[in-house]
C-alpha cells in the first residue's frame with residue numbers, strides 16, 4: 001500500500017485522539033484518548049519500518065527493524081505510564097470524589 | 001583702567017552673591033555695608049574710567065571678555081563697550097545707586113536680617129544687570145541686562161511677598177515688560193538676519209546700506225521693547241502699580257535707572273533711527289501722548305507715590321519726544337537730570353512716609369514744613385527742578401527738548417508746553433498738600449513725626465545739590481555765547497551721536513529767547529497758582545465727577561486692558577483646560593491606562609487554571625506553527 | 001481490488017469508526033470497549049504488514065492488560081453515566097482545533113516526496129520474532145534492561161501513590 005495511506009490513517013487516529021483530549025471532561029476518558037494517540041504513532045512507525053525494509057532490502061537484510069523495536073519500547077513505556085497515571089486518578093478520586101478535570105484548577109493560584 | 005571695566009558689573013554681582021547666600025549669617029549693618037560698598041566701588045571705578053573717557057580724542061573701546069555665541073558666520077561675543085554714552089550712564093547708575101543703597105540702610109531697618117539681606121542682594125543684582133545693559137557692546141548683551149532688570153524689578157516690587165496685591169503688581173510689571181521684550185527680540189533677530197551681527201559698531205557701519213523698510217521695521221520693534229521697559233503707551237500701566245515695592249526701589253528702578261533703559265537703547269541706536277524717519281515720528285508722537293496722558297492722571301491722584309509714578313511716566317514721555325525729534329543729547333540730558341530730581345522726590349516721599357508711619361495718602365498729610373525741615377527743602381528744590389524753573393537742572397534739559405520739538409513742528413512744542421504746565425501744577429499740588437497748610441493726620445501720627453536719620457537725609461542733600469547745579473553742563477547756545485562756555489554734554493557725547501547731525505534742527509536765537517521766556521513765565525505762574533490752591537486744602541470726602549473722575553481712575557485704561565486682553569486670555573485658558581486638556585488629552589492618556597487595565601482583566605481570564613484550556617491552546621499553536629512552517633515558508 | 005486492499009480499507013474504517021465512538025460515548029465503559037475494538041483493528045493492520053510479534057504484543061499488553069486496568073478503575077469509581085455539563089464553546093473549539101490539525105497535517109504531507117513509496121505488506125522478515133529478538137538482545141540490550149528498571153520505578157510509584165495516607 002502506498003505509504004501515504006498509512007500516513008493519513010495515522011493522522012486521522014491521532015487527531016481523533018486530540019479531539020477527545022480537548023473535548024471530554026472525564027480524566028479517565030482523556031487518558032484513553034492519549035493511548036489512542038500513542039497507538040496511532042505506533043501504526044505509523046510500523047508502516048515506515050516496512051517502507052524502509054522494502055527500499056533497502058538489497059543492502060541490509062534487517063533494514064527497518066528499528067521502527068518495530070521502537071514500537072515495542074513505546075508499548076513498554078505506555079504500560080508503565082498507565083499504571084502510574086491510574087494510580088494518580090484513583091488518588092484524586094479519593095480526595096475530591098470526582099474525576100472531573102475542571103476541578104483541577106489549582107494552577108490558577 | 002578701561003581694561004578693568006569688567007570690575008564695574010562684577011562688584012555688584014559679588015555683593016549679590018554675598019548678601020544672597022550669607023544673609024542669615026550676617027548682621028544687618030554688615031549686609032548694608034557690603035551692599036552699599038560694592039556699588040561705591042563700582043562708582044569709583046566708573047569715575048576713573050570717566051576721567052579717561054573725558055579726554056579729547058577718545059575713541060570708543062571694546063573690551064572682549066569671552067566668545068559667547070558662535071555659529072556659522074555669526075559671532076556674538078561677550079564684550080563691553082566703553083564710550084562716552086556708556087561712561088555717562090555708568091556714573092548715573094552707580095552714583096545715584098550708591099546714594100539709594102545708603103538711604104535704604106536706614107529706610108529698611110525694620111526688616112529682619114534675612115529679608116534685609118534679600119533686599120540688598122536683589123538691589124545689587126539689579127545694579128549688576130543695569131550696568132551690563134549699558135556696557136554691552138552688542139544688542140544681545142544689552143538684552144541680557146534688559147531681561148535681568150525686568151527680573152529684578154519683579155523681585156523687588158514683590159519684595160513683601162506675603163501680600164497678594166503686591167505680588168499681582170509684580171507679575172503685571174514682569175508680564176508687560178515681557179510683551180515689550182518680544183518686540184526687542186524680534187528686532188535683534190531681524191538685525192542679525194539683515195546685518196549678520198548684533199554688535200553696535202558693525203550694525204551702525206552697515207546701516208546706511210540697508211533698506212529703509214528694514215530699518216523702519218527694526219527700529220519700530222526696538223521701540224516696542226522700549227514701550228514696555230520705559231512705560232510708554234500702551235504698556236505703561238505697570239509702573240503706577242509698581243509702587244507696591246519699597247520706596248527706595250521705586251526711586252532706583254522706576255525713576256532713575258531701569259525705566260531709562262529704553263531711552264538709552266534708542267540713544268545708542270541713534271544711527272538707525274536717523275535713517276528711519278517714520279519710526280522717529282512714531283517715537284515722538286507716542287512720547288508726547290504718554291506725557292500728556294500721564295500728566296492728566298497725576299492731577300487727580302491722592303497717593304504720594306502714585307503721583308510721582310505718573311510723573312515718571314510723563315517725564316519719560318518727554319525723553320522719547322526728544323529722541324523722536326532728533327534731540328538725542330537733549331534726551332540723555334533729561335535722563336540725567338531726571339535721575340537726580342526724581343530720585344530725590346521719591347526718597348523725599350519715602351522720608352515723609354517713614355515719618356508719617358507708612359501713611360501715603362496726601363489728603364491726610366499737611367503742615368510737615370516745620371516738622372521735616374531737610375526733607376521739605378530738598379523736596380521743594382526737586383519740585384522746582386521738575387517744573388522747569390531756571391536755573392535748576394530740569395529747566396535746561398526740558399527746554400532743550402522743547403526747542404528741538406519746536407524746530408521739528410511747532411504743534412509739538414505747544415502741546416509739550418501744555419504738558420509742562422500740567423507737570424508744574426500737579427507737582428506743586430503735591431508739594432502744597434504734603435508740606436503746607438495744617439496737619440491733617442491723626443494725633444498719634446503727629447506725635448511720631450520726626451526728621452529722618454542721617455543715612456536718609458544725606459542722600460537727599462546730595463541729590464538736591466545735583467538737581468540744582470546739574471543743568472549747567474548743558475547750557476543752550478544763547479547763554480554760551482554770553483558766558484563763554486559751551487554745551488559740555490553735547491560736546492562730550494558728539495562722537496557717539498553721529499545720527500543726530502542729520503535730523504536735529506535748530507531755531508534762531510530770537511525765537512529761542514521768546515520761547516524760553518514764555519515757558520518760564522507760564523510755568524512760574526502755574527506753580528504759584530497751584531501752591532495757593534492747595535495750601536489751604538481741607539480734607540473732603542466728595543468724589544470728583546466727570547472728567548475729574550475719569551482722571552482719577554486713570555482714564556479706565558486698566559479696565560480696558562482687562563476687558564480686551566485679560567478676559568479673552570482667561571477664557572482661552574479656561575477653554576484649553578476644560579475642553580482640550582480634560583476631554584482630549586486627559587481622556588487619551590487615561591484612556592490608555594484604562595485600556596491596559598481592561599485588557600489585563602480580560603487576559604487574566606486566560607489563566608483559568610483549567611488544564612483543558614491549556615491543552616487547547618497548545619493544539620491551536622501547534623496548528624499555527626504547522627501552517628507557518630509548511631505553507632508560508634515554502 | 002486485491003484482498004490486501006479490501007482488508008486494508010476495512011480495517012481502516014473500523015479503526016476510525018471505533019476511535020470516533022471512543023470519543024463520543026457517554027458511558028465510560030462503552031468507551032473502553034470501543035477502544036479495545038480500535039486496538040484490535042490496529043493489530044489487524046500490523047498483521048497485514050507482517051509485523052506478527054507486534055500484533056500479538058499489542059493485543060496482549062494493550063487490549064489485554066491496559067484496558068482491563070482501565071475497566072477496573074472505572075468500575076472502582078462507580079461513575080454515573082452523565083458528565084456534568086461542559087462549556088459548549090470549549091467543545092466546539094476543541095473539535096475545530098482538532099479538525100484544523102487534521103487538515104493541516106494532511107495538506108502538509110500529501111505532497112511529500114516519499115508519498116508513493118510502498119509499505120511492504122504480507123511479506124518481510126523483520127516482523128518475525130526471531131529477527132526482532134536478535135536485534136533486541138544484540139544492539140538494544142541496554143534499553144531493554146533499563147526498561148525493566150522503568151517498570152520497577154512505575155510499580156513503586158503506583159504503590160506509593162495508591163497508599164492510603166497514614
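Read the figures in this text as sums done on the coordinates, not as results from a lab. Fair warning: this is a prediction, and the values are worked out from it, not measured in the lab. Cβ: placed from backbone, ideal geometry, glycine included. Neighbour counts: every protein chain shown.
Observations
- Take each residue in A:86-92, count the other chain C-beta atoms within 10 Å of its C-beta, and the mean is 6.
- Candidates C:57, C:22, C:92, ranked by Gaussian network fluctuation over chain C, Cα under 10 Å, top entry: C:92
- Label zone at residue B:109, where the point sits 7 Å out along the Cα-to-Cβ direction: segment B:356-372 residues whose backbone N lies under 19 Å: B:356-359, B:372
- Cβ crowding within 10 Å averaged over residues, with B:325-332, B:392-399 ranked highest first: B:325-332, B:392-399
- Gyration tensor verdict on segment C:1-80 (Cα atoms; rounded if a/c is under 1.5, prolate if a/b is larger than b/c, oblate otherwise): oblate
- With the helix formula -39500 (n - 2.57) applied to DSSP H stretches of n ≥ 4, the protein assembly as shown reaches a computed 222 nm mean residue ellipticity of -23000 deg cm²/dmol.
- Taking label positions 7 Å along the Cα-Cβ direction at both residue B:47 and residue B:595, the computed distance is 7.4 nm, reported to one decimal.
- Estimated FRET transfer efficiency (residue B:168, residue B:581; beta-carbon r; R0 30 Å; 0.05): 0.75
- Radius, Kirkwood style, for segment B:1-100 when every pair of distinct Cα atoms is counted (Å): 15.0
- The alpha carbon centroids of segment B:231-280 and segment B:395-421 are separated by 19 Å.
- Here the gap between residue B:6 and residue B:444, fully extended at 0.36 nm per residue and compared with their Cα-Cα distance, gives a gain of 152.6 nm.
- Convex hull (Cα only) mean projected area of chain A, reported in nm² to one decimal: 8.4
- Look at where the Cα atoms of segment C:118-166 and of segment A:16-42 average out, and the two centres are 22 Å apart.
- Mean separation of Cα pairs under 8 Å and 6 or more residues apart, divided by the residue count, gives chain B a relative contact order of 12 percent.
- Shielding by partners - mean other protein chain Cβ count within 10 Å, residues of C:3-9: 1
- When the Gaussian network model of chain A links Cα atoms closer than 10 Å, the mean-square fluctuations of A:13, A:36, A:69 top out at A:69.
- Chain C: most fluctuating residue of C:71, C:49, C:136 per GNM, C-alpha cutoff 10 Å: C:136
- For chain B, the longest principal axis of the C-alpha atoms and the axis of helix B:611-627 are separated by about 90°.
- With an a/c value of 1.5 or above and a/b larger than b/c for the gyration tensor axes a ≥ b ≥ c computed over the alpha-carbon atoms, the protein assembly as shown is described as prolate.
- Highest average packing first - B:116-127, B:585-596, Cβ atoms within 10 Å: B:116-127, B:585-596
- Efficiency of FRET between residue B:202 and residue B:632 - r from beta-carbon atoms, R0 56 angstrom, step 0.05: 0.20
- Overall Cα dimensions of segment B:561-632 - principal axes, largest extent first, Å: 75, 33, 8
- Kirkwood hydrodynamic radius of chain B, Cα pairs, Å: 26.6
- Neighbouring Cβ atoms from other chains, within 10 Å of the Cβ of residues in A:49-57, number 6 on average.
- Cα gyration tensor shape for chain C, rounded if a/c is under 1.5, else prolate or oblate: oblate
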